[in-house]
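Single-structure report; data block below.
The values are calculated or read from the model by the stated rules, or taken from the named source; none is laboratory data. Note that the structure is a prediction, hence the values are computed from the model and not measured. Cβ coordinates were reconstructed from backbone atoms using ideal geometry, including for glycine residues, and neighbour counts include every protein chain displayed.
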């Protein structure tokens, strides 16, 4: 981690939300920080980028805490504590200050809102379910817009019709199956595998899941079979002449086989002769393996 990253990471923000303090008091406190003019913002940003002035970075962050709160409030419908949403947004704000390049001419607020949203959205996706909801850009877009679009097109409590699912898929440029899957996952609840299998059961749900892995017996059998095949191969190779065995190994048993040209030069014979020896040696090897089998 760079010195800049450490400085930003350890920056003390004013009165981050806590249960004792409350949301209203927090909003009152961040409202005390003045909004920066373009000249002030440029000056502070230059002090940070040129000299790693932590106090300058602190002023840039605190002057935008109201922006963080405003964006965080747009995500309050996901059932997560506003304190956590704002705290995650503040992290995004600090990341924006760390990467802000004033020379490009943009205002910090324009640049920072993308970092704030990304940080909050990632937190929501991590917290929404133990099962990862979305990883691709299309899945994230679907997750954060599905509820709004369902309300817009008037989806009833009975669920989306096929036509409504197609409308949502078209508007968000995803497949109908993706829409159905996301709607099902957002409407469902996590099932804890360590919970009881039934009201009167002493067994856990996890006990009824099939293990997709091979059993120890199957793994041991496969290992013994591999060893047996290797022994048979070595015995069959021992029946070949030294030249046949060398050519066959270098042509058929290497990860990167030698070319006919390489072997023709090594043995002082034509490439066609090398090919003939290889074919004949392979036929002899097959015959020996079939005898043993």
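Brief remarks on what is shown
- Sole residue being within 26 Å of residue 290 (Cβ to Cβ) and either in a helix (DSSP H, G or I) or modelled with pLDDT under 85 (or both), chosen from 233, 240: 233
- Selection of helices (runs of 4 or more DSSP H) fully inside the range 16-129 by the criterion of at least 3 residues being in contact (Cβ under 8 Å) with a residue 60 or more places away in the chain and surrounded by fewer than 18 Cβ atoms within 10 Å (Cβ to Cβ) returns nothing.
- Residue that is nearest to residue 88 (Cα to Cα) [pool: residues in the range 138-160 that are at pLDDT 70 or above and loosely packed, with under 12 Cβ neighbours inside 10 Å]: 148
- Residue check for residue 98: in the same structural domain as residue 30 (by TED's automatic domain parsing) and either at pLDDT below 90 or out of contact with any helix residue (DSSP H, G or I) (no Cβ under 6 Å at 6 or more places or on another chain) (or both): no
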